[in-house]
Amino acid sequence: MKNAFIFHGNSGYPEENWFPWLKKELEKIGYSVHVPQFPTPENQSPETWFKVFEKYKKFYTPKTIMIGHSLGGTFLLNVLQKYDIKTKACFFVAAPIGVLPIKNILTDKPFLKTQFDWAKIRSNSQKFFVFHSDNDPYVCLENGKELASNLQTDLTFVPNSGHFNTASGYTKFELLLDLIKKHQQ
């Protein structure tokens, strides 16, 4: 069974943005898709998010793809650093990694390690994809550039896409789906 995770961000939830659309599209091509609801903004911490993730851990296998939007992408880095399971591919969309300005830096900070173990993170996925825009009001473009550099992958730069959320017109994310389909073999 092919599994996929979609992690929402700070103050997010599973039914927002392009998540429901992507879940349906991935299910059409044989994925079992998990979109956990993490505690946010109250009780938002890596510890409380890991408690939720533990309920889904049995679906985290070498055939899994993982998608993290915003703080969900930062949490995904924490997952890759914590567990020794190599995933098929990881997709990061507008993820903050600590390069300022970050609008929600105070609530995001507990997820931002002073030093991520990039070698371990890279060893736990076969492929990485990083998406970022030039007009994101929450997370500056330098986060995407730095993340792509640390993951030793290319930045997928999508101009004028804001935070890749509903406010930016993202109720679907065709480019992301196309890349997943292209790299699912």
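The values are calculated or read from the model by the stated rules, or taken from the named source; none is laboratory data. Nothing here was measured: the structure is a model prediction, and the numbers come from that model. Using ideal geometry, Cβ is built from the backbone for each residue, glycine included, and neighbour counts are taken over all protein chains shown.
As a summary of the residue check, residue 158 satisfies the conditions (1) more than 18 Å from residue 65 (Cα to Cα); (2) in contact with a helix residue (DSSP H, G or I) (Cβ under 6 Å, 6 or more places away or on another chain) except for the one numbered (2). Take the residues in the stretch 133-153 that are assigned to a helix (DSSP H, G or I) and among the small types (Gly, Ala, Ser); name whichever of them is surrounded by the fewest Cβ atoms within 10 Å (Cβ to Cβ). This residue is 149. The residue of the stretch 91-110 that is nearest to residue 129 (Cα to Cα), among those that are crowded, with 24+ Cβ neighbours inside 10 Å and in contact (Cβ under 8 Å) with a residue 60 or more places away in the chain, is 91.
So, in the stretch 116-153, how many residues would count as being touching a helix residue (DSSP H, G or I) at 6+ places or on another chain (Cβ under 6 Å) and of a type in the set (Asp, Glu)? Total meeting the criteria: 2.
Quick check on residue 119: is it in a helix (DSSP H, G or I), over 29 Å from residue 86 (Cβ atoms) and at pLDDT 95 or above? No, not satisfied.
Scanning the stretch 3-42 for residues that are among the small types (Gly, Ala, Ser) and either under 21 Å from residue 105 (Cβ atoms) or not in a loop (DSSP other than H, G, I, E, B) (or both) yields 4, 9, 11, 12, 32.
Among the residues of the stretch 166-184, those that are part of a helix (DSSP H, G or I) and not hydrophobic (A, V, I, L, M, F, W, C) comprise 166, 168, 174, 178, 181, 182.
Quick one: is residue 182 surrounded by fewer than 19 Cβ atoms within 10 Å (Cβ to Cβ), under 14 Å from residue 91 (Cα atoms) and within 15 Å of the chain's Cα centre (by Cα)? So residue 182 fails the test. Restricting attention to the stretch 71-111, the residues that are assigned to a loop (DSSP other than H, G, I, E, B) and out of contact with any Gly (no Cβ under 6 Å at 6 or more places or on another chain) add up to 14. Residues in the stretch 61-72 that are under 20 Å from residue 184 (Cβ atoms) and not polar (S, T, N, Q): 62, 63, 65, 66, 67, 68, 69.
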